[in-house]
Structures are given as structure tokens and as C-alpha cells.
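> Right, I'll just put the structure down here and ask away after.
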Amino acid sequence: MRKSVYILLFAFILTQCHCLKAQQQQNFPAWFDSVKLGIMIHYGLYSVPSYSDREQYAEWFYKGFVTDDTLRQNFVKRVYGDNFSYFDFTKYFKAELFDADQWIDLFKKAGAGYIVFSSKHHDGFCLWDTKTTDKNSVKAPSHRDFLKELKTACNRHNIRFGLYYSLMEWDNPVFRWSFDTVGIDKYVNDYLIPQFKELVDLYKPSLVFADGDWDFDYKTLRSGEMVNYLTEKVGKDEVIVNNRWGNGNPYGFLTPEYSAGINVKNRPWSECRSLARSFGLNRLSPLEDYLSAEELIKHFVQLVSMGGGLMLNVAPSADGQIPLIQQERLLQLGQWLEVNGEAVYGSKPYKTPYLTEDKTENITASSLDFDWVRNAPVKNCTEDNFSILWTNTYTPEKSETLTFELQADDQAEVFVSENGKKLFNGTATKNAPLKFALDFKKDRKYSFEVRYEEIDVEAYLHLKAEDKDGNTFDFAGDKQWSGKVHWQQPVMFFTTNNSNLYAVVTQDLGKQLAFDIDNVPDKNMKITLLGSDNVDLPWQYNNGRIVIDLSNLTMADIKSRYAYVFRLEGFLKQ
């Protein structure tokens, strides 16, 4: 008997190790890299207030409301009165206009291959019929199991069903994430694991996007057990998970957030971002915060050219309607893909993902006090990989000593000089702010130069000063700071599919198109503009440069806007 137990135990361990090994080897299902576009949906109790600062995430309403966010606290007091708790929003969460088929039909028309629906965000409110908590949408006035309805609609429209799932909760009675210091093991064992397994058993999602993991390692969260359970239930050739399962986690596709893409070749990735600056609906977002159709299409093409994909988030209102501006953007993207999809779906990156042009723009500021968060300082500038050169002068009215602090993400270097003579220079980084003191003489002119560099993710720059009495202020200098923003603007993208190369042009078309190319094209190569009914375009190649004659194209041949795709058929036949 004991020998049999040992044999069974050994077999079980081998099975678990094999499953874990498969994840670590990154044997991802082929469908994910092929479809390129998914729709993420953030919907929950936070959709009732739909309210936050312009640069905040509205789905974090609970956290701000119960801490020190006076904007949200005052809003609740003004609109809902005193003694109103976050979960009182449940009675307003009715979803009276929600229609799963309308949603999925819209996403299908947008060209998406899967959805990622917020089954549970950090507030702990579940949008399915769960036995693990009473905080769920079936017991709310909506009386709906959103996951069941969406899963059925996905099956009907032949689109894959995926889920966003927060591993942590701010209001769980066992362990209140970011508030409690003990109880995480009990939470994981008695609540997280059973709830996740229930979710998998009921809905068998093809994709799970885990989140809220960053305070713990993946072993504490028992992520291996959850991923393995999901894989066994759904199948390793179908299911895929992301990489947010705890520190040190070996699983999943990468998920850059509000980025210009990442240069990773050996692991699938998909950027997640909303059409505006918040994943949950924020009614304070102005129109300018929403991606235009042109910006959306160009950004999507850039991600695909780099070998990645896009999880484009939509933010429904509490009644279950997707706002019209979001619907319009999805349909505009879908119309573009209907013409140009062969350059996207199933494509692979070319050795040169895109060609760029130098871009600069002048700006001014009264002081250097910026937090661009995930955005750029000027319209059309890339969110990542830009720099700004700031200059100003300072002529003190009295002799004094000022102490400065420079903070920056990712990096800023400051230079101070008098009559061309350098007095000081130093560098600040995200993890190392720069502090320095300078003695200034009355009526002398000093030159300041701050060179800021943004690489990826967050972006901020702060220059503060303090006088001898300890008064801190934004250092403004003599006049407004003059800034010159510099970045590399992608203007042409490349993808490959089978033996074809696709050149995606984002500038207005003229009489000819010329660009440098790495490979020598096959002499029998045929070039056409997608959507133009196969109008052959004459071309020439000389010394690494290809020139395409566009004079035969008419306005009727151009079926898409913002980005024009040329198929170089047989280019890769060597």
C-alpha cells in the first residue's frame, strides 16, 4: 500500500512539473499571436460614479474614496450625501441597457479576436454568480451573470472569451490588500484559490489576465497552482495567461501598459490601453484625451510591426451602454482592418519594423513641475522615448543661497552656468533625486539648462527650490522656461505574411513612394495597394532603395484612411 502511494505521489509531482515546465518554456497557443487585437472591458461598481482626476484610473475609485482623495470624497458627499459607502453604489448598478450580443457584435466588427472582461477588479465586486461572496452582480439590482451572458455571445459570434481577474481585494474581510499586514496566506488558501477554481469551472476562459499582484511573489499567491488548474481544464493548446501573477513569476505573455511597444522577440506581448486615459469610464475625460481614429490606427500598426498586439479597452457606463465615441472608434478601426487585415492577422515583424523621421516642437512652461503619467507632453509625440531641452535664466534680486531638488523619471540632467562658466551639473533618475545648493550674487545672470529624457512607462519632471528660511517653491527663473521636445516619429511600418512584405504608409500619398529596404526584391515581385482591385504599380530598385510609381492610382482606388498598405507580393522569395 505504501509503495502504491509513493508511486501515485511521484506521478502527480511529474505531472505538475511537466505543466509548469510547459509554461516556463513559453509554449503559447498559436491563436493569440495571430489575432493581434483583443477588446478589454472594465465594468463594475466604479462604473456608477465614473469619476476621477483626469490622470487617474477611474476603476480605482474605492481606493481613493477610503483614503485621502478629496476629489472623490467631496463628489460622493455632494451627489450621494453623508454616510455613503462605496458598496452603496450596488443599488445603482442596474445594467438596464446591457446586451451581450450587441457588445460582441460591435467587437467583432472592430476586428477583434477575443475579449478580456473584468470578472473582478480590486474592489472585490464579482460580475458572476459566485458562491464565494455576496458582493456580486447577481445579488445586485442588475440580477445578471455577466460572464455567462458574454460567454454565450462569444460562442455565438465565434470570438474567444477571456477574463481580467484581480488576485487582490481592497475590502476582503480576510485580508484587505494595501491596508492589512497579516492574513495573506489565509486569504490565498481559503478565498483566492477556491474562487479562481470556481471561475474556471464555470466559464473555462481561453485567456486570463491576472492583476493586482505586485506586492507579493508568485509562490505566496500559489500562482502555479492556479495556472496549472486553468491549463488542465481548458487545454494547453487553447489557454493563455498574462505575466502578472506575482514577483518572480515565470508565466505568461507580456503586458506593457500605455506604451509605444516593446522590443521582445521570444515571447508574445500585447499592450493594454484604453481609448482615453482611464480603463474605467471617467466622465471628466475631455474629448482631447480620446484617441482619434488616426491615432488609434497608427498606434495599432506600430505595435503589430514590432511583433506585438493590442488589448484595446472600452469603458461602458453603469447602464451597460458603450459610449458612442468608443463605438465610433471601434468601428473605424474595424473598417480599416476590413481592407488591410492581411497585413495584420497572422503577420510577423520584418527585420526593420518601421522607418522614422526626426520631430521637434517648441513648448513653454512657467515652472518645471510635470507629471505626464503615461502620456506625452505634446500631441502626436510618442508616449515613450522622447526628450525635452529646457532653458531659462535667473537674475537674483539679492545675494542668496538656494537649495534645489530635481526629480525625474526616467532621467534629467541640469546645467547651471554664469557667463559661459559652468557652476554645476548633475543628474537625477527615478530612484535617485538630485539635491544641490548654489550661491547666487545679486543682479548677475545665471543660465539654467535641464535635459529631460523619457524612456518608458511613467514620465515626470519636478524642479523645486528652497531658500534659507525653508520656504519651498517651484523654481521659475526670470521668465517662462523654453522647451524643445524631440522624438522619432514612425512614418512607415513593415510586416510580413508568408512571402509578402507589407509597407504601411502613414503620410499622404504623392506620385511616387520611395524608401530604403534591407532585402533585394525578387524581380518578379508585384506591388499593389490593398483595396485597389489589384492595380499593378510599376517599381524600380537601385542600391537598397525601392521607388514605386503611384501615378496610376485614382481616388477610387484608395479604400482606407490614415494608413495605406502596399503589398509587395513575393518580396521574400529568394
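The values are calculated or read from the model by the stated rules, or taken from the named source; none is laboratory data. Model, not experiment: these values are computed from the prediction. Backbone-built Cβ (ideal geometry, glycine too); neighbour counts: all protein chains shown.
> Would a scan of region 44-55 turn up a residue that is under 22 Å from the mean Cα position of the chain (by Cα), of a type in the set (Val, Ile, Thr) and surrounded by 19 or more Cβ atoms within 10 Å (Cβ to Cβ)?
Checked against the condition, which is being under 22 Å from the mean Cα position of the chain (by Cα), of a type in the set (Val, Ile, Thr) and surrounded by 19 or more Cβ atoms within 10 Å (Cβ to Cβ), region 44-55 yields no hits at all.
> Here is a follow-up. For region 501-521, which residues satisfy the criterion of being more than 25 Å from Leu303 (Cβ to Cβ) and surrounded by 16 or more Cβ atoms within 10 Å (Cβ to Cβ)?
Pro521
> Which residue, of Asn375, Asn431, Asn385, is at pLDDT below 95 and surrounded by fewer than 13 Cβ atoms within 10 Å (Cβ to Cβ)?
None of the other options fit; the residue is Asn431.
> Among (1) within 28 Å of Leu312 (Cβ to Cβ); (2) crowded, with 19+ Cβ neighbours inside 10 Å, there is one condition Val76 misses while meeting the rest; what is its number?
(1)
> Moving on. Applying the selection to region 341-357, what residues are surrounded by fewer than 23 Cβ atoms within 10 Å (Cβ to Cβ) and touching a Phe, Trp or Tyr at 6+ places or on another chain (Cβ under 8 Å)?
Scanning region 341-357 gives Glu342, Ser347, Pro349, Tyr350, Thr352, Pro353, Tyr354, Leu355.
> Considering only residues of region 338-357 that are within 22 Å of the chain's Cα centre (by Cα) and of a type in the set (Phe, Trp, Tyr), which is farthest from Asn497 (Cα to Cα)?
Per the stated criteria, the residue is Tyr354.
> Also, quick follow-up: How do the pairs read when you match residues in region 77-105 that are farther than 22 Å from His143 by Cβ with residues anywhere that are part of a helix (DSSP H, G or I), using Cβ under 6 Å and keeping only pairs 6 or more apart or on different chains?
That search, which allows pairs on different chains as well, returns Phe84/Val76.
> Quick one: Trp31 ticks every box in (1) part of a helix (DSSP H, G or I); (2) under 28 Å from Gly307 (Cα atoms); (3) modelled with pLDDT under 95 except a single one, so which number is it?
(3)
> With the requirement that a residue be within 30 Å of Leu291 (Cα to Cα) and under 36 Å from the mean Cα position of the chain (by Cα), what does region 527-555 give you?
Thr528, Leu529, Leu530, Gly531, Ser532, Met555
> Would you mind stating whether Asn524 is more than 27 Å from the chain's Cα centre (by Cα) and without any contact (Cβ under 8 Å) to a residue 40 or more places away in the chain?
no
> Out of all the residues in region 277-297, which are surrounded by fewer than 24 Cβ atoms within 10 Å (Cβ to Cβ), closer than 16 Å to Ser317 by Cα and small (Gly, Ala, Ser)?
The answer is Ser285, and nothing else.
> Regarding Asn136, is this residue buried (at least 20 other Cβ atoms within 10 Å of the Cβ), in the same structural domain as Phe209 (by TED's automatic domain parsing) and among the polar types (S, T, N, Q)?
So Asn136 fits the description; yes.
> So, one more: Can you work out which of the residues in region 164-210 that are within 30 Å of Val35 (Cβ to Cβ) and among the small types (Gly, Ala, Ser) is surrounded by the most Cβ atoms within 10 Å (Cβ to Cβ)?
Ala210
> Give the residues of region 258-279 that are modelled with pLDDT of 95 or more, in contact with a helix residue (DSSP H, G or I) (Cβ under 7 Å, 6 or more places away or on another chain) and under 29 Å from Phe28 (Cβ atoms), sorted by residue number.
Pro268, Glu271, Leu275, Phe279
> Restricting attention to region 527-556, which residues are free of Cβ contacts under 8 Å to residues at least 40 places away in the same chain and among the hydroxyl-bearing types (Ser, Thr, Tyr)?
Hits for region 527-556 are Ser532, Tyr541, Thr554.
> Select, from Met306, Met311, the only residue that is under 30 Å from Thr90 (Cβ atoms) and under 21 Å from the mean Cα position of the chain (by Cα).
Going through Met306, Met311 in turn, just one is under 30 Å from Thr90 (Cβ atoms) and under 21 Å from the mean Cα position of the chain (by Cα): Met311.
> Right, here's the next one. Could you say which residue among Lys131, Lys139, Lys135 is under 25 Å from Val188 (Cα atoms), without any contact (Cβ under 8 Å) to a residue 12 or more places away in the chain and basic (Lys, Arg)?
One residue alone meets the criteria, Lys139.
> Related question: Taking the stated definitions as given, is Ser366 modelled with pLDDT of 95 or more, surrounded by fewer than 15 Cβ atoms within 10 Å (Cβ to Cβ) and over 28 Å from Tyr258 (Cα atoms)?
So Ser366 fails the test.
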